[in-house]
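Asks: I'd like to ask some things about the structure below.
The values are calculated or read from the model by the stated rules, or taken from the named source; none is laboratory data. Quick caveat, the model's predicted, so the values are computed rather than measured. Cβ coordinates were reconstructed from backbone atoms using ideal geometry, including for glycine residues, and neighbour counts include every protein chain displayed.
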Amino acid sequence: MDFSNQVAIVTGGSSGIGKEVAKQLVAQGARVVINGRDAAKLEAAAKEIDPSGASVKTHAATIANPATAQALVALATDAFGGVDVLINNAGIFAPKPFLEATEEDYDQFLDIILKGKFFMAQAAAKAMQKRGGGAIVHTGSMWALQAVGATPSAAYSAANAGVHQMVKNLAIELAGDKIRINAVAPAVVETPVYGTFMSEEQVAEVLPTFNAFHPLGRNGQPTDVASAILFLASKQAGWITGTVLPVDGGVMAGRN
C-alpha cells in the first residue's frame, strides 16, 4: 500500500493500535498528525514513529471535546496542507457490571467513543471535501456485535454500536463527496488499554486466558488490526464503504 503525499490524522495515536497505524502510514509515505491525552506519551510516540520529526505532528487533548477535532484538522492543514485520511481510533475500555455502572461511567464511554468519533469525522470530512475525497476508518469493537460474560461492558458496547451504525449513515451521506467510511471491530488485542484497569501482574495472568476465546487460538496484536485499518484506508479498498470488518481471530464466525 502506498500513502505517498497523503495526510492522515490518527486519534489514540500514542500507543497500541493507533501508534502502529501511524508508524506504518509514515513508512508508506504519509505525513501524520497524532492525538492522545498524555502529552509526554504522545511526544515519545512521535519520536519513535519518525525520529526526524518531519512527518509527524502531535496535539494532546481529549477527543471528547469537539474543539479537539477542529484543532487536529487545523494542525494537519497548516503543517501538511489538508486531510486525506482519518483513523478514528481513540477510545477507552474498562469492564464493569451493568448494575454497578454510574452516570459518570456512561458519559465517559459515550463522550470519548461515540461523540468523539462523530465530531472528529465531521471536522475531517469537511477538510476532505476540499481535497476531492478521502477515507475515514473507525475503530469499533467486537463487543458491539457480541456480548462477553467475562467482560461486562454494556455502556462501552452501546457506544461502539453507535459507531458501527454511524459508519453506514456516513457512507451514504458522504459517498457523493468521494469520502469512504468503514470500521474494524477487533476482539481481544494485546494493547496497553488493559493496564488502565488491571495491574501489570493481573494483565500477565489474565490476558493469556483469552487466547482460547479466539478460534485461531491467540489474542490479536496491534499489527493485526493496523493492517486491516490501512487496507480500508488505502486506494486498494476504493470500492468499499459502509463496512464494519471484524478483525477478531474468528470470534464472530462461531465457537469450537
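Asks: Spot the failing condition for residue 27; the list is (1) of a type outside the set (Val, Ile, Thr); (2) surrounded by fewer than 19 Cβ atoms within 10 Å (Cβ to Cβ); (3) in contact with a Ser or Thr (Cβ under 9 Å, 6 or more places away or on another chain); (4) modelled with pLDDT of 95 or more, and only one is missed.
Replies: Tallying (1) of a type outside the set (Val, Ile, Thr); (2) surrounded by fewer than 19 Cβ atoms within 10 Å (Cβ to Cβ); (3) in contact with a Ser or Thr (Cβ under 9 Å, 6 or more places away or on another chain); (4) modelled with pLDDT of 95 or more, residue 27 fails exactly one: (3).
Asks: Which one of these is small (Gly, Ala, Ser) and more than 25 Å from residue 141 (Cα to Cα): 71, 60?
Replies: Details: 60 fails: more than 25 Å from residue 141 (Cα to Cα).
Unique residue meeting the criteria: 71.
Asks: Tally the residues that are over 22 Å from residue 93 (Cβ atoms) and either within 14 Å of the chain's Cα centre (by Cα) or crowded, with 19+ Cβ neighbours inside 10 Å (or both), restricting the search to the range 1-23.
Replies: 4
Asks: Just for helices (runs of 4 or more DSSP H) wholly inside the range 131-237: which have at least 1 residues that are hydroxyl-bearing (Ser, Thr, Tyr) and within 24 Å of residue 99 (Cβ to Cβ)?
Replies: Here the list reads 154-174.
Asks: Sticking with this structure for a sec: Output the number of residues of the range 209-256 satisfying the condition of being touching a residue at least 24 places away in the same chain (Cβ under 8 Å), under 25 Å from residue 180 (Cβ atoms) and of a type in the set (Phe, Trp, Tyr).
Replies: 1
Asks: If you don't mind, another one. Would you check which residues across the range 121-167 are touching a Ser or Thr at 6+ places or on another chain (Cβ under 6 Å) and surrounded by 23 or more Cβ atoms within 10 Å (Cβ to Cβ) and list them?
Replies: Listed by number, the residues that qualify are 143, 160.
Asks: Let me ask another. Only one residue in 94, 101, 76 is surrounded by 23 or more Cβ atoms within 10 Å (Cβ to Cβ) and either touching a residue at least 12 places away in the same chain (Cβ under 8 Å) or within 14 Å of the chain's Cα centre (by Cα) (or both), so which one is that?
Replies: After applying the criteria, what remains is 76.
Asks: Which ones in the range 162-178 are more than 18 Å from residue 123 (Cβ to Cβ) and among the hydrophobic types (A, V, I, L, M, F, W, C)?
Replies: Across the range 162-178, the qualifying residues are 172, 175.
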